[in-house]
Structures are given as C-alpha cells and as structure tokens.
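Below is one structure, written out as structure tokens; comments come after it.
The values are calculated or read from the model by the stated rules, or taken from the named source; none is laboratory data. Just so it is clear, the model here is predicted, and its values are computed rather than measured. Quick reminder, even Gly has a Cβ in these numbers, built from the backbone with ideal geometry, and neighbours come from all protein chains shown. Accessible surface is based on the protein model in full, side chains and every heavy atom, while ligands, DNA and RNA are left aside. Shrake-Rupley method; radii C 1.70, N 1.55, O 1.52, S 1.80 Å.
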Amino acid sequence: MKIAFVGKGGSGKTTLSTLFIRHLAAVGAPVIAIDADINQHLGLALGLDEDEAAALPAMGEQLPLIKDYLRGTNPRIASPETMIKTTPPGEGSRLLRVREDNPVYEACARPVDLDGGAVRLMVTGPFTDADLGVACYHSKTGAVELCLNHLVDGRDEYVVVDMTAGSDSFASGMFTRFDMTFLVAEPTRKGVSVYRQYKEYARDYGVILRVVGNKVQGRDDIDFLRAHVGDDLLVTVGHSDWVRSMEKGRPPRFESLEDASRRSLRVLQAAADATYELRDWERYTRQMVHFHRKNAASWGNERTGADLAAQIDPGFVLSEALTAAV
C-alpha cells in the first residue's frame, strides 16, 4: 500500500509518519520509508544520529541511475535524458517491487534497524535556499514520483512517504500516487486550512483522504475538528511521553508506546489496508498519463527537445499481474 502523510508545517506530520513506520515494522510488515519533505527529519526521527542522517544517499543526486534503470528496454523512450518526473512505464520498462533488491535501492535506500524490525529508508536529499522556487527543487521530489510511477506493490506491503508540507505536493501529479493520504491537522483554523486545500485539489482524482487530528487535548478539540472536516476525521492523537522522548533523541523501546497511541496506529493501518480492495490500476495509469501529457506540453517537450507524449504506451496498464512478466 502506498501511503502519504501530509499537513502544514509543524502539524506533527513527520512524527506521525515515524510512529506509523515503527508500528508497521513492529508487526513485521515490509516497509519502504521515503522522506520527501523539504525539511529532512525522517531519518533522525527513526533514530539515526546526525552524521548517519547526513550520509544518506540523496535520490535527487541519483536521477541518471534511476532513469536508466527504469527505462529498461522501453522502445518509446529514446534515452534516459528524455525521461521526466511523470514519465509512465510501458512495455519493456523495469518496475520496482517492495521486497526485491535492485540497483535503485542499492544506490538510494539504506536499512534502518528499529527495535521492532527494520525498514528501507530513502530520502530526496537536503534542500537549499537555491533549490526553492526553481526546477531543481522539483527534480528532487520528482525522483520520488518517477519511482512511484514504476512501483508495483501488493497487499501487506507498505511504502510510506513523508510529503512536503502544505499544498506544495500539488506542484505535480504525485498526490494521485497513493492508496491512502493521511492529513495531519491540529485543532486550529490554520490546522484545518491545508485540509480544505487538499480536499479541493483532490476532489476530481479519487484521492482517499482521511484526517488525523494531532495535539488533541480534549473533547472541545475533537468537536472543532469534526465541525471542520466532518467524517474525514479518522482518529485523534493526544500527548505522548514516548513521543516527547523520541523528539529529544532518546526514544524508549517501541513496545512501551502508550496504549492510546498504539490503538490509533492500528486504526491507521486498518484504514490503509481497506483501500486495497478499492484499487483501480486502470485509473491509476490513466492519471499518470494525464499528468505526463500536462507536463510534456507545459515544459517537458521544450526542455528535452522531444515529443514526450510519444513515451505513452497506449496498451500498457500498471498492475500486480506484471510482477512476474516485466
């Protein structure tokens, strides 16, 4: 299952991502964790020290390798240089699977041992002031989008992405790449403003969006969230001494997480798992093609000097059935 955590800066998005990743690892699920946020804190939150986090390979710096591998023998793609973040797979493309070993994971993923298991961690790489507002910023998150476009994941396999804060995720079609999007919202007017933006943008794309109320202190906070997000409110999370220790860099063993938080994490997993039966690979592929055409026309053709719409394989549909064939 492909799962995104979104929300405004400071909402606790990375904290909830981390708790969910730890929960999945503790129950033995295979997990790929991806830090696609401007502020690269997921590695630290998962227990790496600053030197270890700084040494993580950046996906944005491995784009040539990623493109070359995913291109495979696809005859519609003239060269890796003509691939952009929305390039869809076709006949001959190489696909990624959660449980396999491949050159992309070898170059970009690192195992992180947790007290309940282990996960593969991938990061876009740190963003600088020079990145923001220019093409190279989106080339970094574009590496994530390209990998998601070529990813075939199955039941009980998880890819958890800590997304860019706010509504910046809509700078491309990556927001449609997920089975479930958890929006972390505080019980404040600013906290629910990003929810309204997401709801509006995602309305026409079949995005499944559920709200996780964070920093909730009582009934009044729950009533506030319910009044603003309605039935999209899935669960709420309050104060946690375990989380406070984690944020100070010395988390206790995960098994000592408070019962209320553990129940909330089980609710998140159940909600994500329920989307498996709703998967529509044809729609998923169609949306991929839609955003690729859009990007090709607006900037891709000019930048690459190629007709990128010609990369689209009209007979190709990404699906789990391809795992043994491609």
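Quick rundown of the values:
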read-out: Spin-label pair residue 299/residue 68, simplified geometry with 7 Å Cα→Cβ offset, distance in nm; value: 2.5 nm
read-out: 1.4 Å probe accessible area per residue over the chain, in Å²; value: 44 Å²
read-out: As computed over the stretch 18-102, the Cα convex hull volume per residue (Å³); value: 125 Å³
read-out: Of 85/248; 8/67; 85/190; 215/248, those spanning more than 26 Å from alpha-carbon to alpha-carbon; value: 85/248; 8/67; 85/190
read-out: Relative contact order (%) - criterion: Cα under 8 Å, at least six apart; region: the chain; value: 27 percent
read-out: Carbon and sulfur %, accessible surface of the stretch 237-326 computed with the full protein complex present, 1.4 Å; value: 49 percent
read-out: Positive dipole terminus of the chain, leading residue within 26, 249, 213 (C-beta point charges); value: 213
read-out: Listed values (1) 20.1; (2) 19.5; (3) 21.9, entry calculated as Kirkwood radius over Cα pairs in Å; value: (1)
read-out: Per DSSP, loop trypsin sites (Lys or Arg not before Pro) in the stretch 210-279 with at most 11 further Cβ within 10 Å; value: 248, 253
read-out: Residues residue 217 and residue 97, FRET efficiency given R0 of 35 Å [Cβ-Cβ distance, rounded to 0.05]; value: 0.25
read-out: Value at 222 nm in deg cm²/dmol, rounded to 500, when DSSP H runs of n ≥ 4 in the chain each add -39,500 (n - 2.57); value: -11000 deg cm²/dmol
read-out: Distance (nanometres) between label positions extended 7 Å along Cα→Cβ at residue 156 and residue 317; value: 2.6 nm
read-out: The stretch 1-157, accessible surface, carbon-and-sulfur percent (1.4 angstrom probe); value: 50 percent
read-out: DSSP loop GluC sites (Glu not before Pro) with at most 15 other Cβ within 10 Å: longest gap in the chain; value: 101-257
read-out: Net length gained if the chain between residue 280 and residue 54 were fully extended (0.36 nm per residue, minus Cα distance); value: 77.6 nm
read-out: Residue 273/residue 309 FRET efficiency (R0 35 Å; Cβ-Cβ; nearest 0.05); value: 0.45
read-out: Crossing angle, helix 189-202 versus the chain [Cα axis fit, 0-90 degrees, rounded to tens]; value: 30 degrees
read-out: Other-chain or far-sequence residues with amide H under 5 Å of residue 72's (modelled H); value: 94
read-out: Local electrostatic count at residue 313 - Lys and Arg +1, Asp and Glu -1, tallied over other residues with Cβ under 15 Å; value: +2
